[in-house]
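The values are calculated or read from the model by the stated rules, or taken from the named source; none is laboratory data. Predicted model, so just to flag it, every value in this text is computed and none were measured. We place every Cβ from the backbone using ideal geometry, glycine too, and count neighbours over all the protein chains shown. Note: accessible area is taken over every heavy atom of the protein model, side chains too, but ligands, DNA and RNA are not part of it. Shrake-Rupley method; radii C 1.70, N 1.55, O 1.52, S 1.80 Å.
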Amino acid sequence: QQPVQSPQAVILREGEDAVINCSSSKALYSVHWYRQKHGEAPVFLMILLKGGEQKGHDKISASFNEKKQQSSLYLTASQLSYSGTYFCGTEGLTDSWGKLQFGAGTQVVVTP
Amino acid sequence: DTGVSQDPRHKITKRGQNVTFRCDPISEHNRLYWYRQTLGQGPEFLTYFQNEAQLEKSRLLSDRFSAERPKGSFSTLEIQRTEQGDSAMYLCASSNPGHVPETQYFGPGTRLLVL
């Protein structure tokens, strides 16, 4: 079951904030966030494990609500370099190994 | 520390031809994954290896697809009798399950166009 991401796309001006959500219908062990720029490989941003921890990477942070099987990625004071498509990959509690199922992505465009 | 590499980066072929892609994982990573990504979608799991053993294949992987990792290092993905629906980006990723939490690192991908 593929996780659902929202919104599908967001346009920001430099310095603005945005939130990207990722919801799963199954119990999760972890949520992985990646950013992909056009024509390039997905680049790992961060992993969140069950336990509801929040993590940060520069001005990008994320949270994981295991009760709701949801994760949110927060882009704070966005920079032009934040443009790209953000994917969440989820690992289920019952999965026997690190198999990830990815959402369809959220396209982020940051304008000057 | 070199990342995951894939070759070729682009491949154009005619329908019915066979194609083979190569992936070289990060050197200490013993898990290797193949994904397919079409426009506007996230990566879709195809298969994965732990060392040289292929442990799981997606139901999406038809009999025309085969993957190998003969010595537990690089891997190849072959598509026989290509169809236009095979056009996609084929991504390889690797990880080290000894690192907790396990993180998959992706290569640049091979973009396949079947005419």
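Computed from protein heavy atoms with a 1.4 Å probe, the total accessible area buried between A and B is close to 1600 Å². Per the Debye calculation on segment B:12-72 with a single equal scatterer at every Cα and no solvent contribution, log₁₀ I(q)/I(0) for q = 0.24, 0.26 Å⁻¹ amounts to -1.17, -1.25.
Sorting A:37, B:14 by solvent-accessible area of protein heavy atoms yields B:14, A:37, largest first, with a 1.4 Å probe. Over 21 Å between Cα atoms: which of A:37/B:14; A:99/B:57; A:37/A:67; A:26/A:99 fall into that group? Where the Cα-Cα span goes over 21 Å, the pairs concerned are A:37/B:14; A:37/A:67.
Set the Förster radius R0 to 30 Å, insert the Cβ-Cβ distance between residue B:27 and residue B:60 as r into 1/(1 + (r/R0)^6), and round the FRET efficiency to 0.05. E(calc), rounded to 0.05, equals 0.55. Measuring r between the beta carbons of residue A:59 and residue B:2 and using R0 = 41 Å, the FRET efficiency lands at 0.90. Of the Cα atoms belonging to chain A, the radius of gyration and Dmax stand at 13.4, 45 Å.
Extension gain, residue A:79 to residue A:11, is 23.3 nm, computed as 0.36 nm per intervening residue step minus the present C-alpha separation. At a 1.4 Å probe, which residues in segment A:80-112 are at least 20 Å² less accessible with all protein chains present than in their chain isolated? Residues passing the criterion (a loss of at least 20 Å², heavy atoms only) are A:87, A:97, A:98, A:99, A:100, A:102, A:104.
Give the Rg/Rh ratio for the protein assembly as shown, taking Rg as the radius of gyration of the Cα atoms and Rh as the Kirkwood radius, to two decimals. Radius of gyration over Kirkwood radius for the protein assembly as shown works out to 0.97. The mean number of partner chain beta-carbon atoms within 10 angstrom of a residue's beta-carbon across peptide A:34-40 is 3.
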